[in-house]
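Working notes, structure below.
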Amino acid sequence: MATDSRLSRLAAVLRGIAAQGPVFIAYSGGLDSRFLAHAARLTGITPTLLHVAGPHVPARESGQAAARAGRMGLPLRIVPVDPLETPEVRANGRERCYFCKRALFARLSGEARAVAEAGEPVLCDGSNASDRRGYRPGLRALAELGVRSPLAQAGLEKPEIRELAALSGLEAPDQPSRPCLLTRFAYGVQPTPDLLARVDAAELAVEESWLTMQPPDAAPPAVPVPEYRVRLAGGDLVLQMALPPEREAAFMAALNARLAALGLPAPLLAAGEAVSGYFDRRA
């Protein structure tokens, strides 16, 4: 591993964890879990990656996560879990993430124990030190289940993870955050498989609409898709996306046409505020 002191600190944490038993990583395919898996591999540890598949995770994101795990040369197990089977998740209160993490990681812990060849497995996740400053009820569930968070333990915050991912050669270190689709629903709005699929379709329409505005020979896009979310608040779709003023009219026209073809309403545009934590700021 590179000689950056922060990477060395993370390597020491990972070696200490690996000394306790076989390492499993809850692998969403997002930057944090990918970097954790990458760092483990560079440290000489071969973790087993556990990827949850369910209605709250877009299929295209699961496919990309699997492809990237393959390119890292790490074993991956797909673990089907439907969080909507948990009543408290369906109710979608402010503690939704606690109950969801509790159910998902209990399932992953069971999977790790079932496939571990020797010793008591150690389940890790990609939570980082920055997560401790936001409203993250899911962290309580991880602590209760004994899940380890090496990035947080090493004191690494999100900007540092992006920097270190690039420094150590991780693919796509600028990958934007994409939390699960359940976070797109206002508290109290009960998610269903159909509503999750509709929000997913709306977000795919955002990406496709953006790509239509790129030069035909631009690969990758000359201007990456700005970070965005499509939220469902009551009966309204809300698009959180900071659009360049010169592109806003053309982009929204293209997007509204795609959404209309899907039977979805034109979204309200909410720009000028942080994408993360939208409903927590309104609770």
- Message: Nothing charged except the Cβ atoms of Lys and Arg (+1) and of Asp and Glu (-1): what's the magnitude of the dipole of region 158-283 about its Cα centre? Round to the nearest 20 debye.
- Response: 400 debye
- Share of region 210-271's accessible area from carbon and sulfur, percent, 1.4 Å? 63 percent
- Note on the structure: Taking Cα pairs closer than 8 Å and at least 6 residues apart, the relative contact order of region 111-164 in percent is 42 percent
- So for region 222-283: antiparallel DSSP bridges make up what percent, rounded to the nearest 5? 65 percent
- Query: Assigning unit charges at the beta carbon (Lys, Arg +1; Asp, Glu -1) and nothing else, what dipole magnitude in debye, to the nearest 20, does the chain show about its Cα centre?
  - Reply: 620 debye
- Message: Which one, His56, Leu84, Gly30, is farthest towards the positive end of the dipole of the chain when Lys and Arg carry +1 and Asp and Glu -1 on their Cβ?
- Response: Leu84
- Task: Considering only DSSP beta bridges where both residues belong to the chain, give the percentage that are antiparallel (nearest 5).
- Result: 25 percent
- Query: About its Cα centre, how strong a charge dipole does region 45-163 have in debye, to the nearest 20, once Lys and Arg get +1 and Asp and Glu get -1 at the Cβ?
  - Reply: 280 debye
- Task: Kindly report the accessible area of region 127-259 per residue (heavy atoms of protein chains, probe 1.4 Å, no ligands, DNA or RNA), in Å².
- Result: 46 Å²
- Note on the structure: Within region 1-131, the percent of DSSP beta bridges that are antiparallel, given to the nearest 5, stands at 0 percent
- Note on the structure: Residue ranges of DSSP H helices in the chain that stretch 24 Å or more (Cα, own long axis) and have mean Kyte-Doolittle hydropathy of at least -0.5 are 96-115, 193-211, 245-261
- Enumerate by residue number the GluC sites (Glu not before Pro) in region 172-250 meeting two conditions: DSSP loop (anything except H, G, I, E, B), and at most 14 other Cβ atoms within 10 Å of the site's Cβ. Glu227
- Message: With a 1.4 Å probe and all protein chains left in place, how much of the accessible area of region 45-125 comes from carbon and sulfur atoms, in whole percent?
- Response: 53 percent
- Task: Would you work out which of Val225, Ala197, Ala166 lies farthest towards the positive end of the dipole of region 128-268? Charges go on Cβ: Lys and Arg +1, Asp and Glu -1.
- Result: Ala197
- Note on the structure: Only helices counted: for the chain, with every DSSP H run of 4 or more residues adding -39500 (n - 2.57) and the sum spread over all residues, [θ] at 222 nm is -13500 deg cm²/dmol
- Note on the structure: A correct Kirkwood calculation over the Cα atoms of region 23-150 returns a hydrodynamic radius in Å of 15.0 Å
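The values are calculated or read from the model by the stated rules, or taken from the named source; none is laboratory data. Since the structure is predicted, the reported quantities are computational estimates derived from the model, not experimental observations. Here the Cβ is made from the backbone with ideal geometry for all residues, glycine too, and neighbour counts use every protein chain on show. Just the protein is used for accessible areas: all its heavy atoms, side chains included, with ligands, DNA and RNA removed. Shrake-Rupley method; radii C 1.70, N 1.55, O 1.52, S 1.80 Å.
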